[in-house]
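The values are calculated or read from the model by the stated rules, or taken from the named source; none is laboratory data. The shown structure was predicted, so the numbers you read here are calculated from the model rather than taken from an experiment. Note that each Cβ is placed from the backbone with ideal geometry, even for glycine, and that neighbours are counted across all protein chains shown.
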Amino acid sequence: MLPQKGDPMHCLVNLSYFIVSIAFVHIKIFLHPFSECCGRYACIVAMPGCQQSEDKEIVGVVDAAAMADRHVLKALPGIDEYLYISGMAVVPKYRRQKVATVLLQACDATAIEWGFEYLVLQAYEDDKAARLLYAKAGYVVIAIDPLWFSRLLGRRRKVILAKKVSASVYNKTPSM
């Protein structure tokens, strides 16, 4: 069972990673830029081992929040909000061990539980590893920063990627 609105904590076991949703925070208080959405937020963390493990080291984290940015919604007709994924990070010694894949699957499951049709995230256009991870997870590019915009601001160009949620996410487990 995934977190319901108002639940303080939730656990989801997926293979050898213990996924714990450790924070359900009212967005209007803690994430001011996201305050226009419906108040659903989860910080999902990955820990090695299983529930019986004494080691509670966090090896990965990702944030998921309900969003309704009008520029993104233009590319996703027929919906009024989506689950925005951000802040994906994995401890270096745990990279290339499917931690990020499991975190993305936990985001998929959260989106289904909360009734979202789409997940959306951003990546740098030139970040080949992240783009490959997201492509394998089913994300496709729906928008890209104009070249002039990135040059004007002197920053790397970003792409916005989206994925239509599938109920079959519950049957998927990453191969280790």
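Taking the stated definitions as given, is ALA89 closer than 18 Å to CYS43 by Cα and either touching a Leu at 6+ places or on another chain (Cβ under 6 Å) or part of a loop (DSSP other than H, G, I, E, B) (or both)?
For ALA89, the condition - closer than 18 Å to CYS43 by Cα and either touching a Leu at 6+ places or on another chain (Cβ under 6 Å) or part of a loop (DSSP other than H, G, I, E, B) (or both) - is not met.
Considering only the range 47-78, how many residues are modelled with pLDDT under 90 and either closer than 30 Å to PRO92 by Cα or surrounded by 16 or more Cβ atoms within 10 Å (Cβ to Cβ) (or both)?
Final tally of qualifying residues: 12.
Can you name every residue in the range 58-76 that is under 12 Å from LEU119 (Cα atoms) and not in a strand (DSSP E or B)?
Hits for the range 58-76 are ALA68, VAL72, LEU73, LEU76.
Report yes if ARG151 is touching a helix residue (DSSP H, G or I) at 6+ places or on another chain (Cβ under 6 Å) and over 21 Å from CYS43 (Cβ atoms), otherwise no.
The answer is no for ARG151.
Given the structure, is THR101 farther than 13 Å from ALA42 by Cβ, hydroxyl-bearing (Ser, Thr, Tyr) and in contact (Cβ under 8 Å) with a residue 60 or more places away in the chain?
yes
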